[in-house]
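These notes are about the structure you will find just below.
Quick note: the coordinates plus some simple rules give every number you see, no bench work behind them. What you see is a predicted model, and the numbers here were worked out from it, not measured in a lab. Glycine gets a Cβ as well: all are built from the backbone with ideal geometry, and neighbour counts include every protein chain shown.
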Amino acid sequence: MSLESHLAELKRRHGDLERELDEAMMHPSIDDLEIASLKRRKLAIKDEMEKLRTSQVRH
């Protein structure tokens, strides 16, 4: 998988999690732990995208 396609996949997954998180936050019955988990997953993807971008600039 090329770097560009990997970044594109991460962006897609980040957007999916963003929508899932927005939807979950509209439902008061959703557990706070589930929301925290979604936020952690979203942040991990964002961190991975940033690492790939910075490594791309260095090369």
Rounded to the nearest 10 degrees, what's the angle between the helix 3-25 long axis and the longest principal axis of the chain, both from Cα atoms, 0 to 90? 10
Computed helical MRE - 222 nm, the chain, DSSP H runs ≥ 4 contributing -39500 (n - 2.57), nearest 500: -30000 deg cm²/dmol
The chain - charge dipole about Cα centre, Lys and Arg +1 at Cβ, Asp and Glu -1, debye rounded to 20: 400
Cα-based Rg and Dmax for the chain, in Å, come out at 13.9, 47
If the chain between Asp22 and Lys51 were fully stretched, how many nm would it gain, using 0.36 nm times the residue separation less the Cα-Cα distance? 7.9 nm
Any chance you could run the full-extension gain for Asp31 through Leu7? It's 0.36 nm times the residue separation minus the Cα-Cα distance, nm to one decimal. 5.6 nm
Looking at region 24-55, which trypsin sites (Lys or Arg not before Pro) are in a loop (DSSP not H, G, I, E or B) and have at most 10 other Cβ atoms within 10 Å? none
Order the peptides 23-30, 5-12 from the highest to the lowest mean number of other Cβ atoms within 10 Å of their residues. 5-12, 23-30
